[in-house]
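A short worksheet on the structure shown next.
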Ligand code: NCD
């Protein structure tokens, strides 16, 4: 661990609920912690050491909304640390089916495990459950792995890590322009990432979307209150040409209201033909899963970082779990 971050005086979170809870010292600490943890991945001894950190602990992965990478990456993160994961992926197999409230179900899980990672279609649920558990004699840490159209803080943390790593040679995230594209109204990754980026000086955000998918009022007010420079535009081509990083997202049509008219998003698709108009070092990101908004022909371009985001996500989650479980102080640079 570099001496630039004093981990003893840093305020560490007890839960991970939303992007608003993190400040710049924490983000810098997390960046260094993840980089140190990755050094352990280089040798068998290093990996065995990581596995020795939490073999006496158990985690519950409560995912009642579809998930591939977030679920897998938390599952892998747990096993890297020796932490034993159990899972619920469908509330119809739990006592919620018998009419049990979600609060009672989660309090039950908290009796058996030491950490709960939860994804749910209900906005604000992770906050509610953490508040409830904090008033019980056994308040286990909660990680919000996606709460409806609301927040996805661990995705935002791994996105910031990816940006920081990609801009390493270019002096970090400060002063950079990030263009976020797609369904900005209902995409939780966009809300969480934009809020985290407010921690970096002179960042400019360009939100490129059809009128129907403009950012929600709460995010607009937040950015104004934090004096973050931002622009909302329907001009996709100008937005991507000005960007140091492009964050593509899909239409979140699972939240469509029946009978609602489909929005035409064809002008907001990043295609192979656009690559020439991007900056030479532009970072292309996507939280995935992708659809037609991101051309697979771009995957081979060195600026495409979305597959790295996935791997970075696993290491980010390892780091976050070590912090919540109080073993991050055991992560010191290994001698290889
Ligand atoms: C995102 C999500 O679930 O919000 N996916 C993810 O976790 N990587 C993005 C999406 O579903 O569009």
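Throughout, read-outs are computed from the coordinates displayed, never taken from laboratory work. Quantities reported herein were computed from a predicted structural model and do not represent experimental measurements. When we count neighbours, we look across all protein chains shown, and the Cβ atoms used for this are built from the backbone with ideal geometry, even at glycine.
So if each residue of separation counts as 0.36 nm, and I subtract the Cα-Cα distance between residue 264 and residue 169, what length gain in nm does that give?
That pair, residue 264 and residue 169, stretches by 30.4 nm at full extension.
Quick one: work out the % antiparallel among DSSP beta bridges in segment 140-296, nearest 5.
5
Kindly list the residues of segment 163-197 that lie in the label zone of residue 232, defined by a backbone N under 12 Å from the point 7 Å along the Cα-to-C-beta vector.
Answer for segment 163-197: 184-186.
Using Cα-Cα distances under 8 Å and only pairs 6 or more residues apart, what relative contact order does segment 61-219 have, in percent?
17
Out of all DSSP beta bridges with both ends in segment 81-207, state the antiparallel percent to the nearest 5.
Percent antiparallel among DSSP bridges in segment 81-207 is about 10.
Using 0.36 nm times the number of residues separating residue 58 and residue 292, minus their current alpha carbon distance, what extension gain do you get?
Answer, rounded to one decimal: 80.3 nm.
State the antiparallel share, in %, of DSSP beta bridges confined to the chain, rounding to the nearest 5.
Percentage antiparallel, nearest 5: 5.
For residue 10 and residue 217, FRET efficiency with R0 = 35 Å and r from the beta-carbon atoms, rounded to 0.05?
It comes to 0.60.
Rounded to the nearest 0.05, what FRET efficiency do residue 92 and residue 138 have when you use their Cβ-Cβ distance and R0 = 25 Å?
Between residue 92 and residue 138 the formula returns 0.40.
If you count, for each residue, the other Cβ atoms within 10 Å and average over each peptide, how do 179-185, 197-203 line up from highest to lowest?
179-185, 197-203
Quick one: Cα centre-to-centre distance for segment 1-63 and segment 162-223, in angstrom?
Centre-to-centre distance over Cα atoms comes out at 24 Å.
With each pseudo-label sitting 7 Å past Cα toward Cβ, what's the residue 38-residue 79 distance in nm, one decimal?
About 2.2 nm separates the two model spin labels.
Given axes a ≥ b ≥ c from the Cα gyration tensor, I'd like to know whether segment 1-79 is rounded (a/c under 1.5), prolate (a/b larger than b/c) or oblate.
Since a/c reaches 1.5 but b/c is at least a/b, the shape of segment 1-79 is classed as oblate.
7 Å from Cα along Cα→Cβ at both residue 256 and residue 276: what's the point-to-point distance in nm?
Here the modelled spin labels are 3.5 nm apart.
What shape does the chain have by the C-alpha gyration tensor, where a ≥ b ≥ c are the square roots of the eigenvalues, rounded means a/c under 1.5, and otherwise prolate means a/b greater than b/c and oblate the rest?
Oblate, because a/c is 1.5 or more while a/b does not exceed b/c.
Let me have the 222 nm mean residue ellipticity of the chain computed from DSSP H runs of 4+ only, each contributing -39500 (n - 2.57), with the sum over all residues rounded to the nearest 500.
Taken over the chain, the calculation gives -10500 deg cm²/dmol.
Give the order of 157, 61, 50 when sorted by the count of other beta carbons within 10 angstrom, beginning with the fewest.
If I rank by nearby Cβ atoms, fewest first, I get 50, 61, 157.
Going by how many other beta carbons lie within 10 Å of each one, how would you line up 314, 118, 48, fewest first?
Arranged by neighbour count, lowest to highest, 314, 118, 48 become 48, 314, 118.
Where a ≥ b ≥ c are the square roots of the eigenvalues of the C-alpha gyration tensor, would you call segment 47-94 rounded, which needs a/c under 1.5, or, failing that, prolate if a/b is larger than b/c, or oblate?
It is oblate, given that a/c is not under 1.5 and a/b is not larger than b/c.
Can you grab the distance from the C-alpha centre of segment 241-311 to the C-alpha centre of segment 89-106, Å, no decimals?
Centre-to-centre (Cα) distance: 36 Å.
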